[in-house]
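Inspection log for the structure reproduced underneath, given as structure tokens.
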Amino acid sequence: MEHKAYWGAARSLPEARYLSALLNCEYLRLQIAQKQSKGQGGARDFDNLIWELPIPEFSPRDPLHLQLAALAEKCEAVAAATPLDEAAYFTTNRKKIRDALEAAGLMARLDALVGQIPGL
């Protein structure tokens, strides 16, 4: 946490959710996968490489951005309702949440929407 915790100020909750949707979708992870270094725990440096993509600034007038924000809100609800094991390693709990999102059909919808962003 002392060297991999990041924060950013969002101007609105929809903007924060838009960014959350982008940062948590498989579509963008696949865009940078070839550039990631590999370590003992798997692929690394997502946190730096993601910003090399031409991610457009959030616009409250863009229907696609608003759809992504709304979908992120649904993802939040599923994630919050997913039972986690406090003693488990974070990757185990992350997989539980991703599995729940997948089962709800939200990950496929998220990837489809992100895939519509021009330039990505």
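A few comments on the model shown:
- Flag if ARG17 is at pLDDT 85 or above and in a helix (DSSP H, G or I): yes
- When LEU66 is tested against (1) among the aliphatic types (A, V, I, L, M); (2) within 22 Å of LEU30 (Cβ to Cβ); (3) more than 13 Å from the chain's Cα centre (by Cα), only condition (2) is not met.
- Pairs, first within 22 Å of GLU57 (Cα to Cα) in segment 1-13, second at pLDDT 95 or above, C-beta under 6 Å, six or more apart: ALA10/ALA16
The values are calculated or read from the model by the stated rules, or taken from the named source; none is laboratory data. None of the values given here were measured: they were computed from a predicted structure. For neighbour counting, all protein chains shown are included, and Cβ atoms are generated from backbone atoms with ideal geometry for every residue, glycine included.
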